[in-house]
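Single-structure report; data block below.
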Amino acid sequence: MPVNKVLVVGGGITGSVLCLALAQRGVEVELVEVSPQWFGVGHGITIQGNALKALRSVGVLDRVLASAVPFDLMRLRRADGGLITELETPHTGGADLPSTAGALRSDLQNVLCDAVYAHGVTVRLGLSVRGLDQSGGPVDVTFTDGSTGRYDLVVGADGINSAMRALIGIAAKPHPVGMSIFRVVARRPAEMDCAEVYYGGPRYKAGYSPISADQCYAYLLDENLDAALIGPRASLDLLRERGAGYGGTWGKILAALPDDTAVDYRWIEAVLVDEDWHRGRAMVIGDAAHACPPLIAQGAAMCMEDAVLLAELVTADEPVDRALDRFMARRLPRVRMVLDNSIRLAEWEIHPDSPGADPARIMSETLASLTVAA
């Protein structure tokens, strides 16, 4: 096996799945995470079938589904709640898995954290990478605490604002796509049985997904407001103001939010490293290499697919450089398609009168194409 010891930088979904996939193949894995505490945070997450397939491959699917809500439909509605159409979501992970599951991101991450520890991965918190040296063949790493280590492969899985990306010499940077998102976790109304999206209202789009027996994840896509508003404790009054004009179940959710509801507000950004993601034996994957707007809900799935495939290829019999080339040949066209379609969908939602705009078609076509194995 050409890779025996791997450093993973970043303990989010991508890094955690990669650690598990490598450890299960007999690799010695170290994980460094810049946060001094490592546990799940965040709001809701939509986990498409191909992401569920990746979670099954690393042995955590049953634990994730134990607290998640699987569903196979998406409904598109008008702003007043009237039904436009009901779409069956393609089973991108195979017919034996749900097409989609809604979950709390914190529940998913906590399952992954527990599994990483259980698989014997060395986890170092409050730490990141200061420098890399590949002049000797393997990668010599200097950490931010002054310690050092030598690895057969170093993988940056440190998200859209990756420090590893620049450290290995990749210039790509994230850019705003022209829309922002308000996100909340709310009480799940009894009638909510799948994801639903509302079009034609005063903002770009509103929607929700069930994420547990009694909770849902609700969001509002808006124009980019003042950057000073960005953060995890945005104004609920502002969300109520911006979300006025949507009826149906979404309107009920908004009206019922308690005054102490945590509102997360972010500008949506995207990035694509449209070239090799590796420099020698150091590389980036996941959102560090390709982060797309969440309009097709494939962000986490693309990240997990990266992790599982990379572990499979670098633990096979061929040299590392050949394995990384094969990885790029399989991953770049797929993630480029998802990102391009997500950007196009964002443009259509910002400019709904664009000639040929058809959000339902592009979502369905993208997901149908992903039924082919990664």
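The values are calculated or read from the model by the stated rules, or taken from the named source; none is laboratory data. No experiment lies behind these values; they were computed from the predicted model shown. Cβ atoms come from the backbone with ideal geometry, glycine included; neighbour counts cover every protein chain shown. Ligands, DNA and RNA are excluded from the accessible area calculation, which covers all protein heavy atoms including side chains. Shrake-Rupley method; radii C 1.70, N 1.55, O 1.52, S 1.80 Å.
Odds and ends about this structure:
- Mean shadow area of the stretch 314-355, taken as a quarter of the surface of its Cα convex hull (nm²): 3.7 nm²
- Considering only alpha-carbon pairs that sit under 8 angstrom and 6 or more positions apart, the relative contact order computed for the chain is 22 percent.
- Sequence-distant lysines (8 or more away, or on other chains) whose Cα lies within less than 25 Å of Lys205: Lys252
- Taken per residue, the accessible surface of the stretch 144-293 reaches 39 Å², heavy atoms only and a 1.4 Å probe.
- Mean sequence separation of contacting Cα pairs (under 8 Å, at least six apart), scaled by the length of the stretch 1-47, corresponds to a relative contact order of 41 percent.
- The charge dipole of the chain, taken about the Cα centre with unit charges on the Cβ atoms of Lys, Arg (+1) and Asp, Glu (-1), comes to about 100 debye, rounded to the nearest 20.
- Stokes-Einstein D in µm²/s, Kirkwood radius over Cα pairs - the stretch 23-106 at 20 °C with 1.002 mPa s viscosity: 141 µm²/s
- Under a model in which nothing but the beta-carbon of Lys, Arg (+1) and Asp, Glu (-1) is charged, the stretch 180-283 shows a dipole of about 120 debye around its Cα centre.
- Size check on the stretch 233-320: the Cα extents along the three principal axes, sorted descending, read 58, 22, 21 Å.
- Helical runs assigned H by DSSP (4 residues or longer) give the chain a calculated mean residue ellipticity at 222 nm of -10000 deg cm²/dmol, each run adding -39500 (n - 2.57) before division by the residue total.
- Remark: the stretch 1-143 carries 39 Å² of accessible area per residue (probe radius 1.4 Å; ligands, DNA and RNA excluded).
- Area of Tyr219 that stays accessible when all protein chains are in place (1.4 Å probe, Å², to 10): 40 Å²
- Only protein heavy atoms count here; on that basis, with a 1.4 Å probe, His290 has an accessible area of about 10 Å².
- Mean projection of the Cα convex hull over all viewing directions, computed for the chain: 17.7 nm².
- Solvent-accessible surface (1.4 angstrom probe) belonging to Glu88, in square angstrom, nearest 10: 150 Å²
- Per-selection Rg to Rh, the stretch 190-262 - Cα, Kirkwood hydrodynamic radius: 0.95
- When Ser128, Ser57, Ser135 are compared by accessible area at a 1.4 angstrom probe, the order from most to least is Ser135, Ser57, Ser128.
- Per principal axis, descending, Cα span of the stretch 157-280 in whole Å: 53, 32, 29
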